[in-house]
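For reference, the structure discussed in these notes is given below.
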Amino acid sequence: MKLYNLKDNSEQVSFAQAVKQGLGKQQGLFFPQDLPEFSREEIDHLLKLDFVTRSGCILSAFIGDEIPPEQLATRIKNAFTFPAPVTNVENDVATLELFHGPTLAFKDFGGRFMAQILAQVAGEQPVTILTATSGDTGAAVAHAFYGLNNVQVVILYPQGKISPLQEKLFCTLGGNIHTVAIDGDFDDCQALVKQAFDDQELKQALYLNSANSINISRLLAQICYYFEAVAQLPEDQREQLVISVPSGNFGDLTAGLLAKSMGLPVKRFIAATNVNDTVPRYLEDGKWLPHQTVATLSNAMDVSQPNNWPRIEELFHRKSWPLSELGYGVVNDDVTKETIKELAKHGYISEPHAAVAYRVLRDQLQEGEYGLFLGTAHPAKFKESVEQILGEELPLPKALAERADLELLSHYLPADFAKLRAFLMERAPKSL
Ligand SMILES: *Cc1c(COP(=O)(O)O)cnc(C)c1O
């Protein structure tokens, strides 16, 4: 597999390099040179396979012979150990539940696949994963790498801006997992990570690697569950499918669009955001004007400079799709709360991120269409807000209950690169 840097097309790398490097020069994103496509017959065949087998076909179409198919199959089997069920919500609307993994959010798919691929391609070299999280990436990455040899993980997150249970889930592991609460917002954390990757000395001392949604392996993994969703739908709904994706950094939507580019039948996609609405405003008037990030109920989407957007633009360009085909909508916290109540009336307990996606889908779905919104997190992950909105208690799933009483092991730093740099240098592998 060949990939090129979107900021400097002359930088071309293999899949293994792209996974190890994360970002290219000038913090450019890697994008696949070849965009594999399946015929209609091949798609129909794929949709009959089980999730893990089908995912092997999808991923090897991109990765090619860089990883032998049998080894890739084993990696996928190790990563995708939990299902992605489609659950009916209304006659014409269903949700794809992506939260049945160990950290109860869709980021388990990408995080676990990436950990498997790094283990495959890294060899003997000890690496440091440095990543910023608005909540769920951190948990997924921490759990995916916890206890793996030769890998340490440093996770930055905005102090006080993720849910207390979310924090418990990944800041209580210890061992090779170091968590750092930053006095700032997610964009500050993301900026610190970018600065670290620009610092050549630091990068080499620690063999820095990023694991947030910019890593191409995470995106590729996420393509697989869009196929899984369509496989579960009745055949007569497939042609009329509209998928609404709750979006923050826009990795999930990028993966969905890549699935469509491979031939998966999806009529259109909708980018649903909270009031951090840089992309919807851009789609409205063509102006890219990020505002200050605002804290919302759907905090994993509190991103005003979505990192993956250039990949979406590139894909539309490569496929000659007009950007106007992409649906969009913005949902504020009040409407999010009302929507969680509305979903509960339909007998479905949801959480703020999925509710944002459902709201925009419901408002824009047309007669004869069939809507699917992504359920990106388990409602219990946002227990405090969901319980308050619904006025009822939610049981804690086991993965959370086990960690709820453990002590937080996080370090605390200001949003200051010099401080972070010193913290990292102290943790450079001694043998180097
Ligand atoms: C990360 C996350 C999102 C946003 O996904 P992106 O790929 O960053 O757009 C939505 N919902 C939840 C629960 C998340 O954790």
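Any read-out appearing in this document is the output of simple, stated calculations on the displayed coordinates, not a laboratory observation. It should be emphasised that the depicted structure is a prediction, and the values quoted were computed from it without experimental measurement. Note that each Cβ is placed from the backbone with ideal geometry, even for glycine, and that neighbours are counted across all protein chains shown.
Points worth noting:
- FRET efficiency for E314 and D405, using Cβ-Cβ distance with R0 set to 60 Å, rounded to 0.05: 0.85
- Gyration tensor (alpha-carbon) shape descriptor, the range 48-172, a/c threshold 1.5: oblate
- Cα gyration tensor, the range 106-191 - rounded (a/c under 1.5), prolate or oblate: prolate
- Sequence ranges 37-44, 224-231, ranked by mean other-Cβ count within 10 angstrom, highest first: 224-231, 37-44
- Taking the chain as a Gaussian network of alpha-carbon nodes connected by springs under 10 Å, the highest mean-square fluctuation of the residues P322, P352, P246 belongs to P322.
- Amide H contacts of Y328 (H built 1.01 Å from N, under 5 Å, at least 5 apart or other chain): A271
- Under 20 Å from the Q292 label point (7 Å along Cα→beta-carbon), backbone N, the range 328-344: 332-334
- Each peptide in 370-383, 403-416, 175-188, 6-19 was scored by the mean count of other Cβ atoms within 10 Å over its residues; highest first, the order is 370-383, 175-188, 6-19, 403-416.
- Rounded, prolate or oblate (a/c below 1.5 giving rounded, otherwise prolate when a/b exceeds b/c) for the range 311-432 by Cα gyration tensor: oblate
- Calculated mean residue ellipticity at 222 nm for the chain: -13000 deg cm²/dmol, from DSSP H runs with n ≥ 4 weighted as -39500 (n - 2.57), summed, divided by the residue count and rounded to 500.
- Per-residue ³J(HN,Hα) for the range 375-381, Karplus 6.51 cos²θ - 1.76 cosθ + 1.60, θ = phi - 60°, Hz, x for Gly and Pro: x, 8, 9, 5, x, 5, 5
- Gained length - Q200 relative to T81, 0.36 nm times residue gap less alpha-carbon distance: 39.2 nm
- Each label was represented as a point 7 Å from its Cα along the Cα-to-Cβ direction; for F423 and K345 these points are 4.5 nm apart.
- For the range 394-403, 3J(HN,Hα) per residue [Karplus equation, 6.51 cos²θ - 1.76 cosθ + 1.60, θ = phi - 60°, Hz, x = Gly/Pro]: 9, x, 7, x, 4, 4, 7, 4, 4, 9
- The slack in the chain from H45 to K2, taken as 0.36 nm per residue of separation less the alpha-carbon distance, amounts to 12.8 nm.
- Placing a pseudo-label 7 Å from each Cα along the Cα-to-Cβ vector at L35 and T74 gives an inter-label distance of 3.4 nm.
- Peptides 247-253, 162-168, ordered by how many other C-beta atoms sit within 10 Å of their residues on average, highest first, read 247-253, 162-168.
- Residues of type lysines that K20 reaches as a straight line, Cα spacing below 26 Å, ignoring anything fewer than 8 places off in the same chain: K2, K7, K77, K107, K194, K203, K419, K430
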